[in-house]
Amino acid sequence: MQRSLRLLGHDDSVLISDLGVGPYSTLTLHVPFFGGTQPPAVPKPRFDFLNSKPPPNYVAGLGRGATGFTTRSDIGPARAAPDLPDRSATTVGGAAPAAIGRGRGKGGEEEEEDEGDDKGYDENQKFDEFEGNDVGLFASAEYDEDDKEADAVWEAIDQRMDSRRKDRREARLKQEIEKYRASNPKITEQFADLKRKLFTLSAQEWDSIPEIGDYSLRNKKKKFESFVPVPDTLLEKAKQEQEHVTALDPKSRAAGGTETPWAQTPVTDLTAVGEGRGTVLSLKLDRLSDSVSGLTVVDPKGYLTDLKSMKITSDAEISDIKKARLLLKSVIQTNPKHPPGWIAAARLEEVAGKIQAARHLIQRGCEECPKNEDVWLEACRLANPEEAKAVIARGVKSIPNSVKLWMQAAKLEHDDVNKSRVLRKGLEHIPDSVRLWKSVVELANEEDARLLLHRAVECCPLHVELWLALARLETYENAKKVLNRARERLSKEPAIWITAAKLEEANGNTSMVSKIIERGIRALQREGLAIDREAWMKEAEAAERAGSVATCQAIIHNTIGIGVEEEDRKRTWVADAEECKKRGSIETARAIYAHALTVFLTKKSIWLKAAQLEKSHGTRESLDALLRKAVTYRPQAEVLWLMGAKEKWLAGDVPAARAILQEAYAAIPNSEEIWLAAFKLEFENHEPERARMLLAKARERGGTERVWMKSAIVERELGNVDEERRLLDEGLKLFPSFFKLWLMLGQLEERLAQAAQQLDKHEEKLEHLKEAKKAYESGLKNCPNCIPLWLSLAKLEEEMNGLSKARAVLTMARKKNPQNPELWLAAVRAELKHVNKKEADILMAKALQECPNSGILWAASIEMVPRPQRKTKSMDALKKCDHDPHVIAAVAKLFWHDRKVDKARTWLNRAVTLAPDIGDFWALYYKFELQHGTEENQKEVLKRCVAAEPKHGEKWQGISKAVENSHQPIEAMLKKVVVVLGKEENAAENGSKH
């Protein structure tokens, strides 16, 4: 560097060369910036008095007239501030250095600490959610009367405001709760309606609910189980525990046998411990035995539970007993003449287990209240058995007119003689006590009882039971005198008149019974007593139960019309008779009907009701007499004539039945029902010629379609094919819309076709089949809604032209008759017959969609599905149609195949109960009993089937309408249907195997 440079400093200048800086040296210059031209601000000085505490009672601004006030921050927190360590002491190096800030804020950290000390509490203490930072604000203040009054005022205001808003608030809260529950229902509420329906389930339906198996077992791996032999040490230990020590060991003998050597444990005999526990148990059982008779009163099944349940009084109960004892002590001291107080005090001591104290208290009560019978009864109850008699003796001495005490005294005696002696002693003091008289009469024999009752009716003349009891014990003549005396004393008592009527009936004077009841009712009405019709009907039923039928009839005859309006008589009397019939009072119901028929002689409904009653509960003679009388007053009633003829027929008297029908025809000459009944009588009794003549006369007189059908049936049975065809043709000309005639014509041609096939006449067979088809088609033109005609035509088309033609016919039938389950079922069966399982399933699904509540379709679908799925399918079927007999029978078959015999029997019985007219169910039930039931069960089913007289059912109608089975009894047809069911079952099993 050519010239010297100077480095400016504060005081002087220095040459760079003097500092040793060469030409190749590197220099770094540091130039400070002071942030402008103004000098830094000097902090204001702080006055000393600001750092010191104010003098006591100093109020800022008081000198210039300002009013001071106190804030919460001046007072401090409600609770005392915690003793926190000084924060200044925790700083490093003792005191924290003072730091002066450049802003306008407060000073350093020391000032904040000083201010915190001035406040008297820590601002960082825990904040209370309810009271804020004022927790414990008035903890040190005194709670005086002014504060108490202010709290009471504010509490009253709060209650007043709360009561004003209570209804509105509760309504709003209830609405919000309901809204919340509606949007968020519980699971139990969602199923509440289903739970409510569970009460309708019967025991059989509960049993039919399928069991859910544990399918998780197949996924569980079997754990490997290892068995290890028991070690010898364990066996040796068990052996030692069972040993009895009978000698001292060497160490004990060395000690003389009188002390246990040091460090030796005595041997414990476990057997002795067990015997000791048994002894304790036997002592407890002895405590529970009866101290009087010595017999145990322990329940043999629950004695251990009884031992565990022995009451151990808790501290709380002891405290309650002490409080109650003090209260009752106050009661009996302040009012010693109050009997309930003494009784309550004695019972309290009894509950507390202090029986002696209870006896002492009740004894004092007897002394204080000697005229109160409840106190004496309580004393007798609490006393020992030996002292009870003495106690009750003192009681009856104090209160000789107390019936309760005399009855209690009689109870304490053990033999009847002493009891009777006590009761008679009581009657000396209380001769008008009915209760004592009844008790003493019950203990006496018949002769003594009669004497006692004579005295009793003198002492208690207004008690009817004593008079009636005396009348029952007296002879006929004396009983009449007794009842007359009773009637004079008790003129308003109906029981005396009824007893008098029973007395006359029992002695054979039935003619006097009605007169006595009639006179009695008039006498009671004269006395102003209202005749209660319902009460008298109950008396009539009681008389029937007692065997007094004439009295029952007389009561009904004289009282049944009282209080009944004239227009309501028929309805009311019939309802009364039905109610009596339900209660088993048959004679009463018969008497009601008899009286009603004297008033309504020409009412057919009442005659029918009475006839039904006689049929179910009477004899054949009584029924015949009633029907004879009925047709006399109501000769135009066909049903009465027919019922009489049928009863005669069932009794085996065919000529009498024939005579009744002839009388009926004379009374009602143009009645078709009587013509047909006469035909049936002749036809069923193998008189076809007479039946044919009757039908011919009926046709001449303009018979209906049923007459033509019956005529054709007779000719069919007689084998007159040409005559049958002629009758059918003539009938169809007259009645073309009667489908049964078309069916019979088609079936006639089919029978002829079968006969031709047996003779190998194929052309003749085809001709007859074509005629049958023509008959069915003509019938469908006149009766397009007749399902049997469609089914017969489809079956015929399947036989003649195959499955496709039958499908077309059934499809056309379903279009003209929608939602018909029989047509759907026929289509499904046609597909199954030709082994079109897939097509059958599709048809069944469509059928169930169109007819979801059809029982026959669901039953068929259950049988179509594979066996593992049948249980599920049956549950679906029961959900859709629970009370359908076809579904119930299908479920019964499932139980039958699963060998659940009891359930199957229950469900089959339910099926025949729901549909007794369907013979297929009876056949299924009978077949089940043949396989699994006893002979008695089989006879019972057979008997019920005969009584039901079934007429419908697919298999049943096929058997019953066959020509060869026309006169077969129901038992024979039932067995034939069972055979058909067995063949079908075998065929189905063979088909499933192949």
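The values are calculated or read from the model by the stated rules, or taken from the named source; none is laboratory data. None of the values given here were measured: they were computed from a predicted structure. Using ideal geometry, Cβ is built from the backbone for each residue, glycine included, and neighbour counts are taken over all protein chains shown. Side chains included, ligands, DNA and RNA excluded: accessible areas come from the protein's heavy atoms. Shrake-Rupley method; radii C 1.70, N 1.55, O 1.52, S 1.80 Å.
Output the residues belonging to region 836-887 that are part of a loop (DSSP other than H, G, I, E, B) and farther than 29 Å from Thr906 by Cα.
Hit for region 836-887 is Asn836, nothing else.
Scan region 498-534 for residues that are open to solvent by less than 60 Å² (accessible area, probe 1.4 Å), free of Cβ contacts under 8 Å to residues at least 40 places away in the same chain and part of a helix (DSSP H, G or I) and jot them down.
Listed by number, the residues that qualify are Thr499, Ala500, Leu503, Glu504, Ile516, Gly520, Ile521, Ala523, Leu524, Arg533.
Kindly provide the set of residues from region 967-987 that are touching a residue at least 24 places away in the same chain (Cβ under 8 Å) and farther than 15 Å from Glu949 by Cα, ordered by number.
Matches in region 967-987: Val978, Val980, Leu981, Gly982.
Condition (residue is open to solvent by 20 Å² or more (accessible area, probe 1.4 Å), of a type in the set (Lys, Arg) and under 16 Å from Leu748 (Cβ atoms)) applied to region 773-791: is it met by at least one residue?
Looking for residues that are open to solvent by 20 Å² or more (accessible area, probe 1.4 Å), of a type in the set (Lys, Arg) and under 16 Å from Leu748 (Cβ atoms), one finds at least one in region 773-791, hence yes.
All but one of (1) within 19 Å of Ile713 (Cβ to Cβ); (2) assigned to a helix (DSSP H, G or I) hold for Gln968, so report the exception by its number.
Looking at each condition in turn, Gln968 falls short on (2).
Would you mention how many residues in region 372-421 are more than 52 Å from the chain's Cα centre (by Cα) and open to solvent by 40 Å² or more (accessible area, probe 1.4 Å)? Outline the logic, then answer.
Initially, region 372-421 is screened for residues more than 52 Å from the chain's Cα centre (by Cα), giving 390, 393-394, 396-400, 421.
Add one more test, that the residue is open to solvent by 40 Å² or more (accessible area, probe 1.4 Å), and what stays is 390, 393-394, 397, 400, 421.
Matching residues across region 372-421 total 6.
Give the residues of region 717-738 that are within 15 Å of Arg706 (Cβ to Cβ), open to solvent by 70 Å² or more (accessible area, probe 1.4 Å) and not in a loop (DSSP other than H, G, I, E, B), sorted by residue number.
Leu734
Of everything in region 349-369, what is open to solvent by 30 Å² or more (accessible area, probe 1.4 Å) and either out of contact with any Ser or Thr (no Cβ under 9 Å at 6 or more places or on another chain) or at pLDDT 85 or above (or both)? Give them in sequence order.
Start the filter on region 349-369 by keeping residues that are open to solvent by 30 Å² or more (accessible area, probe 1.4 Å), which leaves 350-357, 359-360, 363-364, 367-368.
Scanning region 349-369 gives Glu350, Val351, Lys354, Ile355, Gln356, Ala357, Arg359, His360, Gln363, Arg364, Glu367, Glu368.
Residue by residue through region 399-433, note down the ones that are more than 19 Å from Glu387 (Cβ to Cβ) and acidic (Asp, Glu).
Asp415, Asp416, Glu428, Asp432
For (1) within 33 Å of the chain's Cα centre (by Cα); (2) farther than 26 Å from Arg716 by Cβ; (3) open to solvent by 40 Å² or more (accessible area, probe 1.4 Å), each residue gets a yes or a no:
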| site | (1), (2), (3) |
| --- | --- |
| Asp920 | no, no, no |
| Ala923 | no, no, no |
| Gly933 | yes, yes, no |
| Arg944 | yes, yes, yes |
| Gly953 | no, no, no |
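Got a sec? Which of Arg899, Arg910 is on the phi > 0 side of the Ramachandran plot and not assigned by the TED database to the domain that holds Tyr925? I'd like the intermediate steps shown before the answer.
On the way: Arg910 fails: on the phi > 0 side of the Ramachandran plot.
When all the criteria are applied, what remains is Arg899.
Yes/no matrix, rows are residues, columns are (1) closer than 15 Å to Lys411 by Cα; (2) of a type in the set (A, V, I, L, M):
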| position | (1), (2) |
| --- | --- |
| Ala344 | no, yes |
| Glu349 | no, no |
| Gln356 | no, no |
| Lys371 | no, no |
| Asp374 | no, no |
| Pro385 | yes, no |
| Ala390 | yes, yes |
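Examine region 528-549 for a residue that is under 21 Å from Glu493 (Cα atoms) and among the aromatic types (Phe, Trp, Tyr), and state whether such a residue exists.
Scanning region 528-549, I find at least one residue that is under 21 Å from Glu493 (Cα atoms) and among the aromatic types (Phe, Trp, Tyr), so the answer is yes.
Out of the residues in region 545-598 that are open to solvent by less than 60 Å² (accessible area, probe 1.4 Å) and not in a helix (DSSP H, G or I), which is nearest to Ala506 (Cα to Cα)?
Ser548
Looking only at region 781-798, which residues are in a helix (DSSP H, G or I), under 16 Å from Phe735 (Cβ atoms), over 50 Å from the mean Cα position of the chain (by Cα) and not basic (Lys, Arg)?
Selection gives Asn782 alone.
For the list (1) touching an Asp or Glu at 6+ places or on another chain (Cβ under 8 Å); (2) assigned to a helix (DSSP H, G or I); (3) surrounded by fewer than 20 Cβ atoms within 10 Å (Cβ to Cβ), I need the number of the one condition that Glu831 fails.
With (1) touching an Asp or Glu at 6+ places or on another chain (Cβ under 8 Å); (2) assigned to a helix (DSSP H, G or I); (3) surrounded by fewer than 20 Cβ atoms within 10 Å (Cβ to Cβ) applied to Glu831, the lone miss is (3).
Given the criterion open to solvent by 80 Å² or more (accessible area, probe 1.4 Å), under 30 Å from Arg899 (Cβ atoms) and modelled with pLDDT under 85, identify the matching residue among Asp207, Asp167.
Only one candidate qualifies: Asp207.
Report, ordered by the first and then the second residue, all pairs with beta carbons closer than 7 Å, sequence separation of six or more or different chains, a first member in region 853-870 that is more than 18 Å from Pro210 (Cα to Cα) and of a type in the set (S, T, N, Q), and a second member that is open to solvent by less than 20 Å² (accessible area, probe 1.4 Å) and modelled with pLDDT of 90 or more.
These pairs meet every condition: Ser861/Met844.
Scanning for something of a type in the set (Val, Ile, Thr), over 27 Å from Lys873 (Cα atoms) and touching a helix residue (DSSP H, G or I) at 6+ places or on another chain (Cβ under 9 Å), does region 811-822 turn up at least one residue?
Within region 811-822 (the criterion being of a type in the set (Val, Ile, Thr), over 27 Å from Lys873 (Cα atoms) and touching a helix residue (DSSP H, G or I) at 6+ places or on another chain (Cβ under 9 Å)), the answer is no, since none of the residues qualifies.
Six or more apart or on different chains, Cβ under 7 Å: which pairs go from a residue in region 792-813 that's free of Cβ contacts under 8 Å to residues at least 12 places away in the same chain to one that's part of a helix (DSSP H, G or I)? Could you list them?
Hits for this filter: Lys805/Glu797.
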